[in-house]
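Enquirer: Have a look at the structure that comes next, please.
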Amino acid sequence: MHEVSKQTIETTQKHAQKAIEHSKEIQELGKSLETNDQIDPEQKERIEAYGKTMHEHAQKFQDLGHRLTEDPSTDVYSEAVKEHTKVNQAHIEAIKEFQNIQPPA
């Protein structure tokens, strides 16, 4: 069985921590938009929901990153990469939603 390197494990753990921090920022962005009456409430909720989805996957990503310390298999690493991909997909959707916010006329 192949194992991932210690450097790869450390990089994975750092990326997972950054993903968690970023997911919290997206959630906060959604919450901060709640005070703006000129933005569709559903858009605000969707942005915040994408932040929550990001956070859920980032947490799984982080858990798998820590698990790599005990089990540095490519299987665990592959699972971590899949969760990282899901974080990125939710982030892309949050950005799209944010870009769809129409500025006040």
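The values are calculated or read from the model by the stated rules, or taken from the named source; none is laboratory data. The shown structure was predicted, so the numbers you read here are calculated from the model rather than taken from an experiment. FYI the Cβ positions are ideal-geometry reconstructions off the backbone, even for glycines, and counts take in every protein chain you see. Ligands, DNA and RNA are stripped out before the accessible areas are found, and what is left, the full protein with its side chains, is counted by its heavy atoms. Shrake-Rupley method; radii C 1.70, N 1.55, O 1.52, S 1.80 Å.
Enquirer: Residue check: is Thr12 open to solvent by less than 30 Å² (accessible area, probe 1.4 Å) and assigned to a helix (DSSP H, G or I)?
Expert: Working: open to solvent by less than 30 Å² (accessible area, probe 1.4 Å): yes; assigned to a helix (DSSP H, G or I): yes.
In short, yes.
Enquirer: Could you figure out which of (1) closer than 19 Å to Lys14 by Cβ; (2) open to solvent by 30 Å² or more (accessible area, probe 1.4 Å) isn't true of Leu64?
Expert: (2)
Enquirer: Same structure again: So, in region 67-105, exactly how many residues are of a type outside the set (Asp, Glu), open to solvent by less than 30 Å² (accessible area, probe 1.4 Å) and assigned to a helix (DSSP H, G or I)?
Expert: 6
Enquirer: Do the conditions hold for Gly51, that is, is it at pLDDT below 95, part of a helix (DSSP H, G or I) and at negative phi? I'd like the intermediate steps shown before the answer.
Expert: Details: at pLDDT below 95: yes; part of a helix (DSSP H, G or I): yes; at negative phi: yes.
Spelling it out, Gly51 is indeed at pLDDT below 95, part of a helix (DSSP H, G or I) and at negative phi.
Enquirer: Report the residue count in region 32-43 for those that are in contact with a Lys or Arg (Cβ under 8 Å, 6 or more places away or on another chain) and either closer than 19 Å to Asn88 by Cα or in a helix (DSSP H, G or I) (or both).
Expert: Of the residues in region 32-43, 1 are in contact with a Lys or Arg (Cβ under 8 Å, 6 or more places away or on another chain) and either closer than 19 Å to Asn88 by Cα or in a helix (DSSP H, G or I) (or both).
Enquirer: Here's another thing I want to ask about it. For residues that are touching a Leu at 6+ places or on another chain (Cβ under 8 Å) and aliphatic (A, V, I, L, M), tally how many sit in region 1-15.
Expert: 2
Enquirer: So, one more: When only residues in region 17-61 that are of a type in the set (A, V, I, L, M) and in contact with a Leu (Cβ under 9 Å, 6 or more places away or on another chain) count, which is surrounded by the most Cβ atoms within 10 Å (Cβ to Cβ)?
Expert: So the residue we want is Ile47.
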